[in-house]
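Below: the structure, in structure tokens.
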Amino acid sequence: MSMIINTFGIWQVTEDGLNTTEPHEYDIGLYELFETRVEDGIEVWLFPIHLTEKTWLTGENAHHLQEFNQAFFFAQKHFASRRPADKQNVSDAHTLKVQSQLIRFT
């Protein structure tokens, strides 16, 4: 078991990345924190958008997605020295905008 650095609701930032065991086990490795995709021609973070597809993080459990966002951005800052050089201009704001738009349609 890796050392817990900080906890945000059901999410834990650990020395290995980000994870939860409630209500489902879900792990995001340290280097996966920096995975991206392109939305509207702008590079955004993959996991905040991807997780809007998980029913256990929407509806009455939407607060767990908010907890994830807090944990995710905390982890990115904590592990900033491991952020790839080509990921310096990824848009946090557009990531959250796209996430918000997707939540409205779920």
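Laboratory data are not the source of any read-out in this text; all were calculated from the coordinates shown. Because the structure is a prediction, the values reported are computed rather than measured. Neighbour counts run over all protein chains shown; Cβ positions are idealised from the backbone, glycine included.
How much length would be gained if the chain were fully extended between Glu53 and Ile4, taking 0.36 nm per residue of separation minus their Cα-Cα distance, in nm to one decimal?
Values: separation 49, 0.36 × 49 = 17.64 nm, distance 2.64 nm.
Stretched fully, the Glu53-Ile4 segment lengthens by 15.0 nm.
Kirkwood hydrodynamic radius, segment 4-104, all distinct C-alpha pairs: what's the number in Å? Walk me through the numbers on the way to the answer.
Values: mean 1/r = 0.0730 Å⁻¹.
So the Kirkwood estimate lands at 13.7 Å.
For segment 76-87, just list the computed ³J(HN,Hα) in residue order, Karplus coefficients 6.51, -1.76 and 1.60, θ = phi - 60°, integers in Hz, with x standing in for Gly and Pro.
After applying 6.51 cos²θ - 1.76 cosθ + 1.60, I find 4, 5, 4, 9, 4, 5, 9, 5, x, 4, 7, 10 Hz.
Taking the highest mean first, how do the peptides 15-24, 64-73 order by number of other beta carbon atoms within 10 angstrom per residue? Let's see the in-between values first.
Values: 15-24: 15.1, 64-73: 19.1.
Output ranking for 15-24, 64-73: 64-73, 15-24.
Quantify how much of the Cα-Cα distance distribution of segment 64-106 extends past 11 Å, in percent.
Details: 648 of 903 pairs.
Here the long-distance tail beyond 11 Å is 72 percent of all Cα pairs in segment 64-106.
Would you mind checking which residues have amide H under 5 Å from Thr14's amide H? H placed 1.01 Å from N; only 5 or more apart, or other chain.
Ile5, Asn19
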